[in-house]
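Every read-out reported here was derived from the displayed coordinates using simple, explicitly stated rules and does not represent laboratory data. Small disclaimer: the values here were computed from a predicted structure and weren't measured. Don't worry about glycine lacking a Cβ; one is built from the backbone with ideal geometry, like all the others, and counts go over all protein chains shown.
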Amino acid sequence: MAFLPQKVQLYNPLPATKLENVREFLQLVGSYLAYLQALGIEEMPAWPEIKSFLELDPLVPTTLEELEAEIRRCRKCPLHRTRTQAVPGEGPCPSEIMLVGEAPGREEDLEGRPFVGAAGKLLGKMLSAIGLSREEVYITNVVKCRPPGNRTPEAEELQACRPYLARQIRLVKPRAILALGAVAARSLLLQQVPLSRLRGRPYEIDGIRVVVSYHPAYLLRNPAAKKAAWEDLQLFRSLLSGGAR
Ligand code: SF4
């Protein structure tokens with residue numbers, strides 16, 4: 001008898017009896033957490049197994065709206081204590097193009113939208129220079145809550161928030177990603193090297209083309225880098241038209 005290779009289906013629905021067990025288990029956990037909350041306990045230490053379980057991508061399909069709501073409720077890292085609100089991202093879904101920045105700044109934190117204010121205006125100009133409009137791209141950041149004083153996100157914050165970006169990419173299904181700034185570039189390419197060494201050439205992650213460039217906020221402070229940013233945009237444009245292989 002021939003054995004067929006086993007097919008793994010990520011979204012295989014659970015049998016009804018198992019679903020009942022899962023529901024029962026979640027209800028129990030829910031009542032226990034409500035009990036702890038009633039006692040005034042807001043946080044509990046998590047041992048490594050729990051931490052890694054919480055960071056797993058759930059196998060259940062989610063819509064972008066559900067994911068954005070989950071991000072707004074998130075308290076996985078200390079940034080939830082200082083934010084006004086989380087900034088999940090905005091734009092069409094699916095979208096051929098995705099832009100990824102570092103983290104919300106002061107205005108983004110107040111408005112709940114990514115890339116507003118002076119950096120957002122410059123981003124709009126950069127996009128229109130290559131024939132794109134803000135409305136046709138999905139825009140987000142690696143870290144969804146503002147670090148106090150706009151400091152660079154810490155390793156713990158990046159690690160806690162990065163799974164959201166992975167899930168957004170899965171849902172938005174972009175053909176190409178423009179990573180803006182060192183934090184976005186390193187988070188996507190998993191390379192701890194300076195931005196100047198990452199930019200200037202295309203990458204590919206799971207079939208998605210990636211180009212790295214400077215963050216608009218950096219360009220506002222360092223106008224001399226605009227020439228290099230323009231070259232990056234040209235490279236990105238040529239990828240979108242099917243060039244630069
Ligand atoms: S920065 Fe990310 S992980 Fe931290 S609280 Fe905000 S959404 Fe959650």
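Please check which bits of region 202-216 a label hung off SER241 would reach, taking the label as a point 7 Å along Cα-to-C-beta and the cut-off as backbone N under 17 Å. In region 202-216, the label zone of SER241 (backbone N under 17 Å from the point 7 Å along Cα→Cβ) covers 202. Separation of region 92-115 and region 208-245, taken as the distance between their Cα centroids, equals 17 angstrom. Dividing the convex hull volume of the alpha carbon atoms of region 61-240 by its residue count gives 106 Å³ per residue. The trypsin sites (Lys or Arg not before Pro) found in region 139-236 that occupy coil by DSSP, while having at most 16 further C-beta atoms within 10 Å, are ARG151, ARG175.
Most simply put, region 129-245 has about 40% antiparallel DSSP beta bridges, counting only bridges with both residues inside it. With a ≥ b ≥ c taken as the square roots of the eigenvalues of the C-alpha gyration tensor of region 156-200, please select rounded if a/c is under 1.5 and otherwise prolate if a/b is larger than b/c or oblate if it is not? Oblate, since a/c reaches 1.5 and b/c is not below a/b. The GluC sites (Glu not before Pro) found in region 89-163 that occupy coil by DSSP, while having at most 15 further C-beta atoms within 10 Å, are GLU96, GLU154.
Taking R0 as 25 Å, what's the FRET efficiency between VAL29 and THR63 from their Cβ-Cβ distance, rounded to 0.05? Please report the intermediate quantities before stating the final value.
Working: r = 24 Å, r/R0 = 0.95.
It comes to 0.60.
With the simple model of a label 7 Å out from the Cα in the direction of the Cβ, SER133 to GLN191 spans 3.5 nm.
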